[in-house]
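Let me begin by presenting the structure, written as structure tokens, before commenting on it.
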Amino acid sequence: MKIFVGVITLLILFGGVWLFKAPQGDDPEVIATRGIHWHPHLEIYVKGEKQDIPADLGVGPQYAGMPTFDPAMRMTAVHTHEPDGTIHFEFPARVTREDTKLGNFFRIWNKDFRAFGRTVVMTVNGEENAELDEYEMKDGDKIVLRYE
């Protein structure tokens, strides 16, 4: 009986490890299946004047209806803590390309991407980028939006 229990225990253990390590699919829209913890940085200027990005965007019960809201953490997976422009990506599980788009951050902020002006120039890590709100943010990005 002890051998039988031992064999079953090993099968369950190895089966669990195999399932955990098994590929999660070939979906090109999926960036990660086991979460990410990224910190892109955003600066916004309107006619040359730097704008504040509020602290605690995405934090609190008022965001409960938003996608990726975690009731245990009481915040969305995309949020801010300080008013320094650091955007926190704290996804515990599956992350899609759509989840990382700059426009999603603006939706959490409850701002239209064009709320600061119709003409905008965006740079990412010092290089001009025309993707604007469709840009898929990455860890360590330095994103600057200049509205005129």
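No lab work stands behind these numbers, since they all come straight from the coordinates. Small disclaimer: the values here were computed from a predicted structure and weren't measured. Reconstructed Cβ throughout: ideal geometry from the backbone, glycine too, with neighbour counts over all protein chains shown.
Annotated for the stretch 17-117: lysine pairs at least 8 residues apart or interchain, Cα distance under 26 Å, count 5. A full extension of the chain between THR33 and GLU136 corresponds to an added length of 35.4 nm, given 0.36 nm per residue minus the alpha carbon distance.
Normalised by the number of residues in the stretch 15-129, the mean separation of alpha-carbon contacts (under 8 Å, six or more apart) gives a relative contact order of 28 percent.
Each label point was placed 7 Å from the Cα along the Cα-to-Cβ direction; for GLU128 and VAL46 their separation is 2.4 nm.
Model label points for ASP26 and GLU98, set 7 angstrom from Cα along the Cα-to-Cβ axis, are 2.2 nm apart.
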